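These notes concern the structure reproduced below.
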Amino acid sequence: MSNYLKTKFQKILRLFLYIFIVFIATFSINLAAYPSVDVQAIQRLNPSGLFDTTPYGFSQVVTVPSTGKIVFVSGQFSGDLEGNVLGNTLEEQMHLSFQNLRTAIEAAGAKSEHVVQIRVLIVDYQEEDLILFQREIQELFGDALPVSTLIPVPRLALDDMLFEIEATLFIPEQ
């Protein structure tokens, strides 16, 4: 990555971090007041009139109750703390991206069961890439599968990026 792009990307990351900190400071919740979260309030549905997507790692429909906290996690990639892309293969980048997603979920005071939607971008996607993806999905979500959209793309924000995943979470109020 050129120094110019790296500098720009780092400035953008700092700006997003600043916005995130301001958001958290403004809307912080005393998580100690919520010792346990009722994830049973989230329903994952695979209606009999639709294709069964559970073997592919996602639900067709997820419903959430009307009260709670909605969390949006921006696209996570296999980046380190300086914004460098780690991993040379899709498999390596996918695994590191899921680790970063776990970190973001925990930072929100949530668990993987609270993830209700994911959106995945894969550069030069091939159908056999689903095997790698399904392994990561199973490891993170188990049976609590979110709705999912996978979008093949020609490229991502940084030249070496091959994979990106964003998520929407719902944390029910107690």
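Descriptive notes on the structure:
- Condition met for Ser74 (touching a residue at least 40 places away in the same chain (Cβ under 8 Å), surrounded by fewer than 15 Cβ atoms within 10 Å (Cβ to Cβ) and either within 27 Å of Ser48 (Cβ to Cβ) or in contact with a strand residue (DSSP E or B) (Cβ under 7 Å, 6 or more places away or on another chain) (or both)): yes
- Those residues of region 29-59 which are in a loop (DSSP other than H, G, I, E, B), modelled with pLDDT under 80, within 16 Å of Val147 (Cα to Cα) and touching a helix residue (DSSP H, G or I) at 6+ places or on another chain (Cβ under 8 Å), in sequence order: Asn46, Phe58
- Restricting region 142-174 to residues that are of a type in the set (Val, Ile, Thr) and in contact with a helix residue (DSSP H, G or I) (Cβ under 8 Å, 6 or more places away or on another chain) leaves a set whose member that is nearest to Phe51 (Cα to Cα) is Ile165.
- Of the residues making up region 130-174, those that are of a type in the set (Asp, Glu), at pLDDT 95 or above and surrounded by fewer than 20 Cβ atoms within 10 Å (Cβ to Cβ) are Glu139, Asp160, Glu166.
- Qualifying strands (runs of 3 or more DSSP E) (wholly inside region 63-174; at least 3 residues being under 10 Å from the mean Cα position of the chain (by Cα) and among the aliphatic types (A, V, I, L, M)): 115-123, 163-172
- Number of the condition not met by Asn84 [criteria: (1) touching a Lys or Arg at 6+ places or on another chain (Cβ under 9 Å); (2) closer than 30 Å to Asn3 by Cβ; (3) at pLDDT 95 or above]: (3)
The values are calculated or read from the model by the stated rules, or taken from the named source; none is laboratory data. Source: prediction; values computed, not measured. Counting neighbours? That spans all protein chains shown, and the Cβs are built from the backbone with ideal geometry, glycine included.
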